[in-house]
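First comes the structure, then the notes that go with it.
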Amino acid sequence: MLTIVDVNFDRSEMLLEISNGKSIVKQQVASDKINRIQVGEEAVKSWFSKKMLPKLEIYVKGKEEPFVLQSKKSKLNFSQAQSLIRQFADKHQIPIEE
């Protein structure tokens, strides 16, 4: 799974720091290459129970699996990153699925 660690924005692209489990890679994703953004939740084990934590999946043309922004693995405050990504999506007419 490709996990987003940090997000920055330019006029027409997102600058992502992505962790594949071994290393962190910086990648630029143009707004016209983003198919959709999906908002959801995932179950995460916490001691003896499972918690539902929010996540964002960014689907990009030419990539088999989405880039995932998880609330516990992000350098940024998740709610702040989510609102910035929503503003970027609205500005560039990228569909957001709830």
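With the checklist (1) part of a loop (DSSP other than H, G, I, E, B); (2) open to solvent by 50 Å² or more (accessible area, probe 1.4 Å) in hand, flag the one item Lys45 doesn't pass.
(1)
Sort out which residues of the stretch 68-85 are assigned to a helix (DSSP H, G or I) and without any contact (Cβ under 8 Å) to a residue 12 or more places away in the chain, and write them in order of number.
If the condition is that a residue be assigned to a helix (DSSP H, G or I) and without any contact (Cβ under 8 Å) to a residue 12 or more places away in the chain, then Ser79, Gln80, Ser83 are the ones that fit.
When the stretch 50-80 is examined, which residues are found to be open to solvent by less than 60 Å² (accessible area, probe 1.4 Å) and modelled with pLDDT under 90?
Listed by number, the residues that qualify are Leu53, Gln70, Ser71, Ser74, Leu76, Phe78.
Would a scan of the stretch 29-36 turn up a residue that is open to solvent by less than 80 Å² (accessible area, probe 1.4 Å) and over 21 Å from Pro95 (Cβ atoms)?
No; the residues of the stretch 29-36 include none that is open to solvent by less than 80 Å² (accessible area, probe 1.4 Å) and over 21 Å from Pro95 (Cβ atoms).
The values are calculated or read from the model by the stated rules, or taken from the named source; none is laboratory data. Since we're looking at a predicted model, the values are computed, not measured. Methodologically, a virtual Cβ is constructed for each residue, glycine included, from the backbone with ideal geometry; neighbour enumeration extends over all protein chains shown. Areas reflect the complete protein model, heavy atoms only, side chains present, ligands, DNA and RNA absent. Shrake-Rupley method; radii C 1.70, N 1.55, O 1.52, S 1.80 Å.
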